[in-house]
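Shown next, in structure tokens, is the structure this report addresses.
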Amino acid sequence: MKETDIAEILTSTNTIALVGASDKPDRPSYRVMAWLLEQGYHVIPVSPKVAGKTLLGQKGYATLAEIPEKVDMVDVFRNSEAAWEVAQEAIAIGAKTLWLQLGVINEQAAVLARDAGLNVVMDKCPAIEIPRLGLSRK
């Protein structure tokens, strides 16, 4: 995927469902969620561990299907094997983008999502890409 495509995704995205959200401040998903919130994104934590709780001021959900609003991007902090199921859920809720975090590589999930019309970014982190591409929402 070209850098201009990644920049377009990041500038057009408002609501991000962060799958694999953790309530532990030392976890990468927690730190990235906090950073994305600081950048002005609406971030919804998704994990059975945070379902029904509040994480960084945001209500958590167990699954993507439970989120009662439109999601632009699904940011995946799960292992590569879990990405296939998350891709199916992202398609089902009508997300525009499936974003697989650093180290999360699943070509089958990427093909599935692309064939369904989603943008797919794999093995990258928005908290790295936003400053690297000089993007700012503030």
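Return the single residue from S22, S47, S12 with maximal mean-square fluctuation; model: Gaussian network over the chain, springs between Cα atoms under 10 Å.
Of S22, S47, S12, the most mobile in the Gaussian network model is S12.
Got a sec to turn the phi values of segment 96-113 into Karplus ³J(HN,Hα) couplings, 6.51 cos²θ - 1.76 cosθ + 1.60 with θ = phi - 60°, whole Hz, x for Gly and Pro?
8, 9, 10, 10, 9, 5, 3, x, 9, 10, 8, 4, 5, 5, 5, 5, 4, 5
Could you go through segment 18-32 in sequence order and give the Karplus-derived ³J(HN,Hα) for each residue, using 6.51 cos²θ - 1.76 cosθ + 1.60 with θ = phi - 60°, rounded to whole Hz, and x for Gly and Pro?
Each residue's phi maps through the Karplus curve to give 9, 7, x, 4, 10, 8, 8, x, 7, 7, x, 5, 5, 5, 5 Hz.
With n ≥ 4 as the cut-off for DSSP H runs, can you work out [θ] at 222 nm for the chain, using -39500 (n - 2.57) per run divided by the number of residues, rounded to the nearest 500?
Numbers: 5 runs with 47 residues, N = 138.
Helix contribution divided over all residues of the chain: -10000 deg cm²/dmol.
Could you let me know the centre-to-centre spacing of segment 110-126 and segment 41-109, using Cα atoms, in angstrom?
What the calculation gives is 13 Å, centre to centre.
Past 22 Å, Cα to Cα: identify those pairs from K24/K53; K24/K59; K24/K49; K2/K124; K53/K124; K24/K70, in the order given.
Working: K24/K53 13 Å; K24/K59 16 Å; K24/K49 11 Å; K2/K124 13 Å; K53/K124 28 Å; K24/K70 26 Å.
Long pairs (Cα-Cα over 22 Å): K53/K124; K24/K70.
Using a 10 angstrom cutoff on alpha carbons, build the Gaussian network for the chain and name the most mobile of L102, L55, L64.
Result for the chain, Cα springs under 10 Å: L102 fluctuates most.
Arrange D123, D26 by Cβ neighbour counts within 10 Å, fewest through most, would you?
Working: D123 12, D26 7.
Ranking D123, D26 by Cβ neighbours within 10 Å, fewest first, gives D26, D123.
Which residue, K124, K24, K53, has the most motion in a Gaussian network model of the chain that connects Cα atoms within less than 10 Å?
Fluctuation is largest for K24.
Coordinate-derived values only; no laboratory data. Just so it is clear, the structure is predicted and the values come from calculations on it, not from any experiment. FYI the Cβ positions are ideal-geometry reconstructions off the backbone, even for glycines, and counts take in every protein chain you see.
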